[in-house]
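Take a look at the structure set out below.
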Amino acid sequence: MERVTGKKPHHFLRRGIFFSHRDLNLILDKYEKGEPFYLYTGRGPSSESMHTGHLIPFMFTKWLQETFKVPLVVQMTDDEKFYFKDLSIEEVERMTFENMRDIIALGFDPELTFIFSDFNYIGQMYRVVARIEKAYTASQVKGCFGFKMEDNCGKWMFPAVQAAPSFSASFPHIFPSGNRLCLIPQAIDQDPYFRLTRDVAPRLGYLKPAVIHSKFFPGLSGSKGKMSSSVGAAVFLTDTPKMIKDKINKQAFSGGGATKGEQLLLGANTTVDVPIQWLRFFLEDDELLEKLQHEYMLGRLMTGEVKKVLIETLCGIVTRHQEARRNVTDDMVKLFSSVRLMGPAKGAQ
Ligand code: TRP
């Protein structure tokens, strides 16, 4: 990555937060030879307000877009949340709009970024969706996702909808001349979709998309697995500095000693400590992170001091995000989601 881009890899790569991939080497080899790719990622709009964990794939995707100067498509799976959650179409559509504003606020390039809702764009990619649907069977979907016969038909069909943007044929207004390689940054739980996608691609005459996976962002209470918006144990992009401070101080699971004396004597277990884990995601300064971790482990730093650094870091990110979001107008959302000539179709990469 460093050789191809001439840039220090993002700290998510340096720290193994994006930790596995399929065919990334192929993408880089071809890019080096002058053959560009495109980026595809997505968001299931299941809550009005996104939390800090949701930022991870988008922050990384933004870095990839800036670094490689390639087109990006962002799929808002309003249909997915309608099939999988107890939400009405009106509710998911509202959340989609709010989440789009958050995504745009991260600073994606309007010349190279297309953000679309499935409900609105499905017509243009329906031919690709249909080809995919015909290429997999219900028993394959069952093997991949474990659906039951009682599950609604939307769920069984949806994997084809998430697969379709992996193929450039879904975006004739961006890639009029067809086959272009795709790279999909995602959290690891999305992998089954793209195993299925990669499986059907050759049969349809499409290129297998490359993927790169991030680990889950841990919840405040330190439980393993994906941080959920539903449990309230998350820091939201709408939280005030006071809310952030209270959440971190009261709820963040500490790997430090139970008392000051114990911490001085035994030090902290930094592998289970949530503030340290979160700082690995959000504190860019390698030296400072290393120093904090080291001193904390040796008992020279108290939990409260580590939490203080995390609170400052998060407040900075969230406040800047809120400012940027305030400047995202309805017209900008319209622009990013409009079907328009862009990227290669407009003469750019
Ligand atoms: N299913 C994802 C979610 O619930 C949304 C999504 C659609 C996605 N396409 C994607 C995520 C591609 C990563 C990559 O959030």
Residue-normalised accessible area of segment 135-249, expressed per residue, 1.4 Å probe, Å²: 42 Å²
To test your reading of the geometry: what angle, between 0 and 90 degrees and rounded to tens, separates the Cα axis of helix 191-204 from the longest principal axis of the chain? 20 degrees
When only C-alpha pairs under 8 Å and at least 6 residues apart count, what is the relative contact order of segment 163-283, in percent? 17 percent
Put K7, K245, K334, K62 in order of accessible area, largest first, probe 1.4 Å, and you get K334, K245, K7, K62
Whole Å is fine, so just give me how far the alpha carbon centre of segment 287-321 lies from that of segment 1-63. 25 Å
At a probe size of 1.4 Å, how large is the accessible area of F158, to the nearest 10 Å²? 0 Å²
For the T137, A345 Cβ pair and Förster radius 35 Å, calculated FRET efficiency rounded to 0.05 is 0.50
Rounded if a/c under 1.5, otherwise prolate or oblate - segment 29-185, Cα gyration tensor axes: oblate
Under the Karplus relation with 6.51, -1.76 and 1.60 and θ = phi - 60°, whole-Hz ³J(HN,Hα) for segment 156-163, x at Gly and Pro, equal 5, 8, 4, x, 5, 5, 6, 6
Report the residue, chosen from V141, V92, V70, that carries the largest GNM mean-square fluctuation when the chain is represented by alpha-carbon nodes joined by springs under 10 Å. V141
Sort E284, E35, E150, E133 from largest to smallest accessible area, using a 1.4 Å probe on the heavy atoms of the protein chains. E150, E284, E35, E133
Taking r as the C-beta separation of L264 and V4 and R0 as 41 Å, the FRET efficiency to the nearest 0.05 is 0.30
Two-decimal log10 I(q)/I(0) for segment 147-202, as the Debye equation yields it once each C-alpha is a single scatterer, q = 0.13, 0.27 Å⁻¹: -0.40, -1.15
Put a dot 7 Å past each Cα toward the Cβ at E35 and S20; how far apart are the dots in nm? 2.6 nm
Per the helix-only model, the chain has a calculated mean residue ellipticity at 222 nm (DSSP H runs of ≥4, -39500 (n - 2.57) each, divided over all residues, rounded to the nearest 500) of -15500 deg cm²/dmol
Length gained when the stretch F145-T271 is fully extended (0.36 nm per residue, less Cα-Cα span): 42.3 nm
Work out how much length N249 to C153 would gain on full extension: take 0.36 nm times their residue separation and subtract the Cα-Cα distance, in nm to one decimal. 30.1 nm
Using 1/(1 + (r/R0)^6) with R0 = 22 angstrom and r between the beta carbons of M332 and R94, what's the FRET efficiency to the nearest 0.05? 0.80
With everything on Cα atoms, drop me the angle between helix 286-297 and the longest principal axis of the chain, reported from 0 to 90° to the nearest 10. 50 degrees
Treating every alpha carbon of the chain as one equal point scatterer without solvent, the Debye formula yields log10 I(q)/I(0) values at q = 0.09 Å⁻¹ of -0.53
With a 1.4 Å probe and all protein chains left in place, how much of the accessible area of the chain comes from carbon and sulfur atoms, in whole percent? 54 percent
In whole percents, the bins of 5 Å from zero upward hold the Cα-Cα pairs of segment 289-328 as 6, 21, 21, 15, 12, 9, 8, 6, 2, 0
Looking at the square roots a ≥ b ≥ c of the eigenvalues of the Cα gyration tensor of segment 127-235, which shape do they give, rounded for a/c under 1.5, prolate if a/b is larger than b/c, or oblate? oblate
Comparing I115, I89, I276, which has the greatest mean-square fluctuation in the GNM of the chain with Cα pairs linked when under 10 Å apart? I89
Considering only T67, V306, F253, whose Cα is most displaced toward the positive end of the charge dipole of the chain, charges sitting on Cβ of Lys, Arg (+1) and Asp, Glu (-1)? T67
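The values are calculated or read from the model by the stated rules, or taken from the named source; none is laboratory data. These numbers were taken from a predicted model, which means no experiment stands behind them. Because the Cβ atoms are built from the backbone with ideal geometry, glycine has one as well, and the counts that use them run over all protein chains shown. Keep in mind that these areas ignore ligands, DNA and RNA; they rest on the heavy atoms of the full protein, side chains included. Shrake-Rupley method; radii C 1.70, N 1.55, O 1.52, S 1.80 Å.
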